[in-house]
Amino acid sequence: MTGTLIRHVRRIGTAGASADVLVREGRIAAVAPAGVIESTTPTADLEDVVDADGAWLGPGLWDHHTHFDQWALVRRRVDVSACTSAAGVAAVIADAARSASPDDVLIGYGFRDGLWPDAAHRDLLDRAAPGLPVVVVSGDLHAVWCNGIALARYGDLLDRPLVTHPTGLLREQDAFDVSTAISRVPDAVLDDYVADAVEAASGRGVVGVVDLEMRFGLDRWTRRVRAGIDGIRVRSGVYPQELDAVLDRGLRTGDVVPGTLGLVTMGPFKVITDGSLNTRTAAVDEPYAGLHGHDALGVLAFTPDEVRALVRRAADGGLVPAVHAIGDRANALALDVFEQVGVRGSIEHAQLLRPADVARFARLGVDASVQPEHAMDDRDVADRYWAGRTDRAFVLRTLREAGARLRLGSDAPVAPLDPWVSMAAAVGRDRDGREAWHPEQRIDQLTAWTASTDGRTTVAVGDVADLVLVASDPLAASSGALRSMRVLGTAVAGRWTYLDR
């Protein structure tokens, strides 16, 4: 029985003494002082020897909230994330249109209009790319900005009169539907994009993701793994529109798909209750600063009774609920549903909370699945639209001190699929040389690490050999050092998916 020897490592979460680690059949078979394993193991029993030269070895990283197909696609879309105005986005689109084919759909990604001095309008995109359909997806995925040709095309496809929309800026369900439509590319093309994205994730130490793509992805991931795209573990979620089909198949959260090397499992049931901060659609108790009328409190995608019925149906079928809630009103609704149904699960985002609701996470056994980099992206928007409330926004430390279990993620492509970025934002609450934003909500490195490794802190005998090898100790790293952490190797079940030799 051959194995892989990783020698001269320091294990994250221990005193850091040099050790050797032996991996056999996908698990940690032995940990011993440097030199002991090699001196007692026949050379023929070692398939591979990796000299870590004092690097740090720990459990591999998980991103607990991704939209993986979207992440793969966005890497090939026109990047407008640096634009600070609608006119700026139009200029970038106009530049891209000069080299576009007449048959292209020009797709951009990353606009955030909460602080713009001007407004998005279909006419700007019409002038920027005459004759081409243009769709620009917002950085939070909750809005799309279309020109007239795109409104007509996707309105016909979705059988609704989008072309009559006055500005072309679609929000929430209309946006989701158009985004799904533009994301439908041939399987072979999308799989190639995904393969590249998996490789990139492996290069950052990622061994697994929770994939909450809106179109049910379990079968796509099964096809990919069987075709050799096998660099990460995937827990694939399902949304209400496909819930019945999943229940009819008897799939339950945690079920492993046969023939996928144990890499693909059924994930949670995801239901979206409200919108987002940047789109000003997250459901809140007090009006958004400067907004008036019907939408000033954001939107609820479902009534409380509808959410409760969906969660109960999913839970009765063996699916663990993952409830999207960003505003304080939406989070209170979600916690009420968990309490009324009597089931555990997670709240995805949990960005703005009523003080009285914080303790309910731990009491109800509801995980806070949070994306710390959103606080860095959204701090200025939050200061404007949640003025006077940001002391209870992105309250990671308060949740942790109240006993809630944190799980960190990116919401990729909303933030980079890079757990080091998430950990850095959680530990430092800072970026780009700016002073920390609400530093009282920083969490320590160990808490951030545990929330990014699926609950593991170190490497021990008997563990599945999902591993990351890094140049320095993340438990002693500053936020800046975490962001730039050098990954030397990543292994899934003992198989190297990335190795910098």
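Suppose we filter D69, D113, D63 for residues that are buried (at least 19 other Cβ atoms within 10 Å of the Cβ) and assigned to a strand (DSSP E or B); which single one remains?
Of D69, D113, D63, the one residue that is buried (at least 19 other Cβ atoms within 10 Å of the Cβ) and assigned to a strand (DSSP E or B) is D63.
Does the stretch 1-18 hold any residues that are modelled with pLDDT under 95, open to solvent by less than 30 Å² (accessible area, probe 1.4 Å) and closer than 18 Å to A471 by Cα, and which are they?
The one that is modelled with pLDDT under 95, open to solvent by less than 30 Å² (accessible area, probe 1.4 Å) and closer than 18 Å to A471 by Cα: G16.
Condition test on A96, is it modelled with pLDDT of 95 or more, more than 21 Å from the chain's Cα centre (by Cα) and open to solvent by 40 Å² or more (accessible area, probe 1.4 Å)?
For A96, the condition - modelled with pLDDT of 95 or more, more than 21 Å from the chain's Cα centre (by Cα) and open to solvent by 40 Å² or more (accessible area, probe 1.4 Å) - is not met.
Restricting the first residue to the stretch 394-419 and requiring it to be within 20 Å of D377 (Cα to Cα) and of a type in the set (S, T, N, Q), which pairs with a second residue that is open to solvent by less than 50 Å² (accessible area, probe 1.4 Å) and not in a loop (DSSP other than H, G, I, E, B) meet a Cβ separation below 8 Å and a spacing of at least six or different chains?
Correct list of pairs: S410/D63; S410/H65; S410/T66; S410/E373; S410/P419; S410/V421; S410/S422.
Is it true that V366 is over 23 Å from F216 (Cβ atoms) and without any contact (Cβ under 8 Å) to a residue 60 or more places away in the chain?
Yes, satisfied.
Yes or no: P304 of a type outside the set (A, V, I, L, M, F, W, C), touching a residue at least 12 places away in the same chain (Cβ under 8 Å) and touching a helix residue (DSSP H, G or I) at 6+ places or on another chain (Cβ under 6 Å)?
It is true that P304 is of a type outside the set (A, V, I, L, M, F, W, C), touching a residue at least 12 places away in the same chain (Cβ under 8 Å) and touching a helix residue (DSSP H, G or I) at 6+ places or on another chain (Cβ under 6 Å).
Return the total of residues in the stretch 237-276 being of a type in the set (D, E, K, R) and touching a Leu at 6+ places or on another chain (Cβ under 8 Å).
Qualifying residue count, the stretch 237-276: 3.
List every residue pair whose Cβ atoms sit under 8 Å apart, with the two residues 6 or more apart in sequence or on different chains, where the first one lies in the stretch 96-109 and is closer than 16 Å to R153 by Cβ and part of a strand (DSSP E or B) and the second, anywhere, is modelled with pLDDT under 95 and open to solvent by 20 Å² or more (accessible area, probe 1.4 Å).
Qualifying pairs under 8 Å: L106/A100.
Can you tell me which residue in the stretch 354-382 is farthest from L335 (Cα to Cα), limited to those that are surrounded by fewer than 23 Cβ atoms within 10 Å (Cβ to Cβ) and of a type in the set (V, I, T)?
V381
Residue by residue through the stretch 422-441, note down the ones that are within 20 Å of the chain's Cα centre (by Cα) and free of Cβ contacts under 8 Å to residues at least 60 places away in the same chain.
Correct list: M423, A424, A425, A426, V427, G428, R429, D430, R431.
For a quick check of your reading: which strands (runs of 3 or more DSSP E) sit entirely within the stretch 129-236 and have at least 1 residues that are within 16 Å of the chain's Cα centre (by Cα), surrounded by fewer than 24 Cβ atoms within 10 Å (Cβ to Cβ) and in contact (Cβ under 8 Å) with a residue 60 or more places away in the chain?
Counting at least 1 such residues, we get 206-211.
The values are calculated or read from the model by the stated rules, or taken from the named source; none is laboratory data. Quick caveat, the model's predicted, so the values are computed rather than measured. Note that we place each Cβ from the backbone using ideal geometry, even for glycine, and neighbour counts take in every protein chain shown. With ligands, DNA and RNA removed, areas are computed over all heavy atoms of the protein, side chains included. Shrake-Rupley method; radii C 1.70, N 1.55, O 1.52, S 1.80 Å.
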